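To start, the structure under review is shown below, and the notes come after it.
The values are calculated or read from the model by the stated rules, or taken from the named source; none is laboratory data. Predicted model, so just to flag it, every value in this text is computed and none were measured. Note: ideal-geometry Cβ built from the backbone for every residue, glycine included; neighbour counts use all protein chains shown. Each accessible area value is taken on the protein alone, full model and side chains, heavy atoms only, with ligands, DNA and RNA left out. Shrake-Rupley method; radii C 1.70, N 1.55, O 1.52, S 1.80 Å.
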Amino acid sequence: MKKEEDYKELIEEEHQLDAATDELPSPAPGTGGLAAFAQLVQVLGTSTKTLDKLAALSNYFTVAEDKDKVWVIAIFSGRRPRRAVNVSLLQSWCIELAGIPAWLFAECYHTVGDLAETIALLLPELDETKHKNVSLSYYLEELIRLEKQDELVKKQFIIDAWQTMSQSERFVFNKFITGSFRIGVSQKMMVNALAKTIELDASVIAHRISGNWDPSTTTFNELLSEHATAVDFSKPYPFYLAYAHEGDLSVLGKPEDWQAEWKWDGIRGQMIKRNNELFIWSRGEELMTEKFPEYQVLKDKLPEGVVLDGEIIPAKDGKPLPFALLQTRIGRKNITKKQLQEAPIAFFAYDLLEYNGEDWRNKELGQRRATLEKIVKSVNHPTLLLSDVIEYTTWDELAKIRESSRDVGAEGLMLKNKYSVYKVGRKVGDWWKWKIEPLTIDAVMIYAQKGAGRRSNIYTDYTFAVKDGDNLVPFTKAYSGLTDKEFNAVDAFVKRNSLEKFGPVRTVKPELVFEIAFEGIAASNRHKSGVALRFPRILRWRKDKPVSEINTLEDLRKMLEMYGKS
Amino acid sequence: MDILFVLINSTANTVLFQARYSHTIPKTIHLLIEFTDKGLYCRQGNFYIDPWRPVERAIITHAHSDHARGGSNYYLCHHYTKPLLQARLGDGNYEGIEWNKTVDMNGVKVSLHPAGHIIGSSQIRVECKGEVWVVSGDYKVENDGITTPFEPVKCNVFITESTFGLPIYKWKPQQEIYTNIQEWIKKNKKNNVSSILIAYSLGKAQRILQPVSEVSDTIYAHGAVANMQQALENAWWNFPKVERITPGIPKSKLLGSIIIAPPSADGTPWMKKFAPYAVGICSGWMQVRGNVRRRNADAGFALSDHADWDGLLTAIHATGAEKVYATHGFQSALSRYLNEHGIEAAEIRTEYGNDEDEGIGNDTNLKQESDELHELL
Ligand SMILES: [Zn+2]
Ligand SMILES: [Zn+2]
């Protein structure tokens, strides 16, 4: 599970949304279709300013055909159609057209870091007389039809399509097939861009486009008109996300205005009971009902028309277990009996978003909480627990309580304003997460690998080792955390000091020492070191430390003993 | 560590290893040009080509910092390169010669031939006892209108650069890129946003002056670019005028303006006074989207002074060489490809590849270099 919010806080976005797009550039005549979308992706992919991205999106939503808009909303909210063509076939057709050996294709792919882009760069140049600009929806719907066709039909369609497209169009077309667009467009940004072009509030739009809907059968009006009729009982609310708090708590005002809870280390989720059915949604907008069969007993116990916000956590006797246990379950198609026993799941509820079928998000937290407590009490089942409210009177007292977070299996505290309403997305002010300092260890880099995508030409992915007597034992990989300057310096070091080459991996002279931070530690027999870390990242480059002074395997084992047992 | 490179004959092709990391016993084979830890060395003629350590006699392909290093006792280069070396390395013993003029060095015939990379850039032809080797230095095959265009030279052995030695690197015609740059500048101007164009101070900066001057009367330049321009003008080159950025220029004049700056200036506080601005990077690496994003640029223009994949292959074929050594860049991919296509090839490791187009991973060098320029010019 990726918890993006832990890595980056998109703060800038917040301040700029409302000022954006007052004056939209008018579209050039005759634009639209795949070309307009390719242009949009180009701007979204390179623009460094939120305002520009927002303007490009709003502009697109103003000029594009309704059918294309529906698809763009679907794609940018993660609803890509099923893969119609297997990527190795796609690759082999490109190799054939480009007339290059397969190893050279692989070399190129490794440098570019993105399959769709590699193919777009390698295909023979477009013959301008064959250039067509067909709509996005045409291609996407054809791709869906193509899924059931045999290989030759697929090949003909793809090659014909390529031969009518420019390089940037080929790129987005390939992206439809190979995977999602990771181009820095949050759902929130898209919602805000839509809100500039249609007569609906951002929160209503966010709600409408969440949940279960099929872009090939849904029209723009059904999705986003003022009087949309289709009822989707599973539809979750957009999550309200907290910002990280740092420093002094007194800036928040009076302690009695704030409700403190533990910050749990699980999967944020919504539990929905409507139409006598139970649905579980993750924050990543994934319907996860089937992954957690033990919640189904709650279907008959919860009142009708209820939506709870909370955390999906493995727990035994009301006590949370390490997140690593949950990881053994997600990602599997079928959950075995053994897994159900070893990693039992509970839902730690902390908010009530809907009650009696009525949207409660605009009520104050105090009121929502009181009713939530009543509901959980009356359900009275071990899979539905209340996320406790922590008693405290002064900020100092709370700071002390925070220090004990690890003992209860939490990663810090959550602070919520008692009078706040439940907002959409990440908003400054009412919800704060106040995490404990991470665990850290000093380690030496021993392997390096080139990054993908954004950092495809330099060595950015490193493996680190601790000492064990005279040996170095690899124990973790860690990615983010260095500045571009530092990445460049490490990259230069790797290039000058690589010892051996194993495929894309270089073994590197063990010389550079880094401080690695992580949120948790668990025993693992899949790793040579016997431990697995949670959210490992590079905290800083310890240029002051020689390799002789790094931590040892023994130190790691001690940490496991202290924090890794449940 | 005298000879760094050892030749080992494998069945299919010749592979070169660095002795440092190989466990075989070094075995010295005398080639017309050897690959030593100081650089490319001709034993017979007793000279080095683009050495990276100080030597007695150096022949310099071009004035980029990774090819032209200080400390040697004697330098031979093209006479266009000479003033640039003087500006960059200070006073020294420089000799400039014409293209195609043969110089005798210990019985070895040496001549320089246009490489089309930057002003003065040359391929070095070395002939001894009927055997001809050519060291390409950096080159491009497209005529940029400023640099004397690349001329293929027939040889037995060709030592080629391979900075962009993968087929994903296919340059658009420069006029098309210039049009894109102009459109981008116009768009920024309309929004009252300054355009900061990142271009290496020697080569790319001069190349974009003409197209930029077509859309703007005033072109501002970072000190490093202005200094380089000055050095070239002193050597009687003529370019559209640039105005040096000084603290005295009022901010109001800079609004919506165009600034040409070297890569070392990108992302530094120096750029603040141009806000609001957009950054456009002119470099072959901008061919890949990820690099545009990594460099945090608003626009990337894949404009290069190096040959693209097709350019490399065309140049290599035109030499008629029976043996090719590939250096700095994607040397292993290029040499493998050549081997599979009937040209015997091997890769060698050099310490080139820290100038703008090549040194994407090494901004520190660029920084040093521009600081250096500030002091020297
Ligand atoms: Zn160069
Ligand atoms: Zn070079």
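Looking across B:226, B:265, one residue alone is in contact with a helix residue (DSSP H, G or I) (Cβ under 9 Å, 6 or more places away or on another chain) and buried (at least 17 other Cβ atoms within 10 Å of the Cβ). It is B:265. Residues that are crowded, with 24+ Cβ neighbours inside 10 Å, within 12 Å of another protein chain (Cβ to nearest Cβ) and within 16 Å of ligand 1 (Cβ to nearest atom) do not occur anywhere in region B:332-351. For residue A:76, the conditions (1) among the aromatic types (Phe, Trp, Tyr); (2) within 14 Å of another protein chain (Cβ to nearest Cβ); (3) open to solvent by 20 Å² or more (accessible area, probe 1.4 Å) are fulfilled apart from (2).
So which residues in region B:59-77 are within 16 Å of ligand 2 (Cβ to nearest atom) and surrounded by fewer than 24 Cβ atoms within 10 Å (Cβ to Cβ), if there are any at all? Result: B:65, B:66, B:68, B:69. Residue-level check: of (1) β-branched (Val, Ile, Thr); (2) surrounded by 23 or more Cβ atoms within 10 Å (Cβ to Cβ); (3) within 12 Å of chain A (Cβ to nearest Cβ), residue B:258 misses just (3). Please state which of the following conditions residue A:378 fails to meet, knowing it meets all the rest: (1) over 28 Å from residue A:293 (Cα atoms); (2) open to solvent by 30 Å² or more (accessible area, probe 1.4 Å); (3) of a type in the set (Gly, Ala, Ser). With (1) over 28 Å from residue A:293 (Cα atoms); (2) open to solvent by 30 Å² or more (accessible area, probe 1.4 Å); (3) of a type in the set (Gly, Ala, Ser) applied to residue A:378, the lone miss is (1). Screening residue B:179 with (1) within 16 Å of ligand 1 (Cβ to nearest atom); (2) farther than 22 Å from residue B:321 by Cβ gives one miss only, at (1).
Tally up the residues in region A:505-536 that are basic (Lys, Arg) and either within 10 Å of chain B (Cβ to nearest Cβ) or in a loop (DSSP other than H, G, I, E, B) (or both), please. Please lay out each step first, then the result.
Going residue by residue through region A:505-536, those that are basic (Lys, Arg) are A:506, A:509, A:526, A:528, A:534.
From what's left, either within 10 Å of chain B (Cβ to nearest Cβ) or in a loop (DSSP other than H, G, I, E, B) (or both): A:509, A:526, A:528.
Residues meeting the conditions: 3.
Applying the selection to region B:59-77, what residues are within 12 Å of ligand 1 (Cβ to nearest atom) and farther than 22 Å from residue B:263 by Cα?
Within region B:59-77, the first condition is being within 12 Å of ligand 1 (Cβ to nearest atom), and the residues that meet it are B:60-68.
Listed by number, the residues that qualify are B:60, B:61.
Restricting to region A:120-147, name every residue that is more than 10 Å from chain B (Cβ to nearest Cβ) and at pLDDT 95 or above. Quick ask: steps written out before the conclusion?
Applying the first criterion (more than 10 Å from chain B (Cβ to nearest Cβ)) to region A:120-147 yields A:123, A:126-147.
Matches in region A:120-147: A:123 only.
A single member of B:172, B:189, B:204 is basic (Lys, Arg) and within 16 Å of ligand 2 (Cβ to nearest atom), and it is B:204. Test residue A:523 against the stated conditions and say whether it is surrounded by 18 or more Cβ atoms within 10 Å (Cβ to Cβ) and out of contact with any Cys (no Cβ under 8 Å at 6 or more places or on another chain). So residue A:523 fails the test.
Among A:290, A:285, A:342, A:358, which is open to solvent by 40 Å² or more (accessible area, probe 1.4 Å), assigned by TED's automatic domain parsing to the domain that holds residue A:416 and at pLDDT 85 or above? Full working, then the answer.
Values: A:290 fails: at pLDDT 85 or above; A:285 fails: at pLDDT 85 or above; A:342 fails: at pLDDT 85 or above.
Checking each option against the conditions leaves just A:358.
Can you tell me which residue in region A:67-114 is farthest from residue B:334 (Cα to Cα), limited to those that are in a loop (DSSP other than H, G, I, E, B) and of a type in the set (A, V, I, L, M, F, W, C)? Please lay out each step first, then the result.
Keep residues of region A:67-114 that are in a loop (DSSP other than H, G, I, E, B), which gives A:77-86, A:99-101, A:113-114.
With the extra rule that they be of a type in the set (A, V, I, L, M, F, W, C), the set shrinks to A:84-85, A:100.
Details: A:84: 34, A:85: 31, A:100: 12 Å.
Looking at the filtered set, the residue picked out is A:84.
Considering the conditions (1) within 15 Å of ligand 1 (Cβ to nearest atom); (2) open to solvent by less than 30 Å² (accessible area, probe 1.4 Å); (3) away from chain A (no Cβ under 14 Å); (4) in contact with a strand residue (DSSP E or B) (Cβ under 8 Å, 6 or more places away or on another chain), residue B:80 is excluded by exactly one of them, (2). Pairs linking a residue in region B:115-131 that is within 14 Å of chain A (Cβ to nearest Cβ) to a residue that is assigned to a strand (DSSP E or B) and within 14 Å of ligand 1 (Cβ to nearest atom), with Cβ atoms under 9 Å and 6 or more positions apart or on different chains, do not occur. Of the helices (runs of 4 or more DSSP H) entirely within region B:193-305, those holding at least 1 residues that are at pLDDT 90 or above and within 16 Å of ligand 1 (Cβ to nearest atom) occupy B:204-213, B:223-234.
Name the residue that is nearest to the chain's Cα centre (by Cα), counting only residues in region B:181-192 that are surrounded by fewer than 18 Cβ atoms within 10 Å (Cβ to Cβ), part of a helix (DSSP H, G or I) and touching a residue at least 24 places away in the same chain (Cβ under 8 Å). Ranking the candidates gives B:182 first.
Could you list all residues from region A:391-433 that are open to solvent by 20 Å² or more (accessible area, probe 1.4 Å) and hydrophobic (A, V, I, L, M, F, W, C)?
Within region A:391-433, A:395, A:399, A:401, A:408, A:414, A:421, A:424, A:428, A:432 qualify.
Which one of these is within 23 Å of residue B:138 (Cα to Cα) and either within 14 Å of another protein chain (Cβ to nearest Cβ) or among the hydrophobic types (A, V, I, L, M, F, W, C) (or both): B:310, B:305, B:298?
Details: B:305 fails: either within 14 Å of another protein chain (Cβ to nearest Cβ) or among the hydrophobic types (A, V, I, L, M, F, W, C) (or both); B:298 fails: within 23 Å of residue B:138 (Cα to Cα).
Every option except B:310 fails the conditions.
For residue B:58, indicate whether it is modelled with pLDDT under 95 and among the small types (Gly, Ala, Ser). Let's see the steps before the verdict.
Details: modelled with pLDDT under 95: no; among the small types (Gly, Ala, Ser): yes.
Here the answer is no, as residue B:58 does not meet what is asked.
Of the residues making up region A:87-119, just one is aromatic (Phe, Trp, Tyr) and more than 12 Å from every other protein chain (Cβ to nearest Cβ), namely A:93. Considered as a group, the residues in region B:41-58 that are within 15 Å of ligand 1 (Cβ to nearest atom) and under 16 Å from residue B:160 (Cα atoms) include one that is farthest from the other protein chains (Cβ to nearest Cβ), and that residue is B:49. Could you tell me whether region A:107-125 includes any residue that is surrounded by fewer than 16 Cβ atoms within 10 Å (Cβ to Cβ) and among the hydrophobic types (A, V, I, L, M, F, W, C)? No, the conditions are met nowhere in region A:107-125.
The lone criterion from (1) outside the structural domain of residue B:281 (by TED's automatic domain parsing); (2) away from ligand 2 (no atom under 16 Å from the Cβ) left unmet by residue B:139 is number (2).
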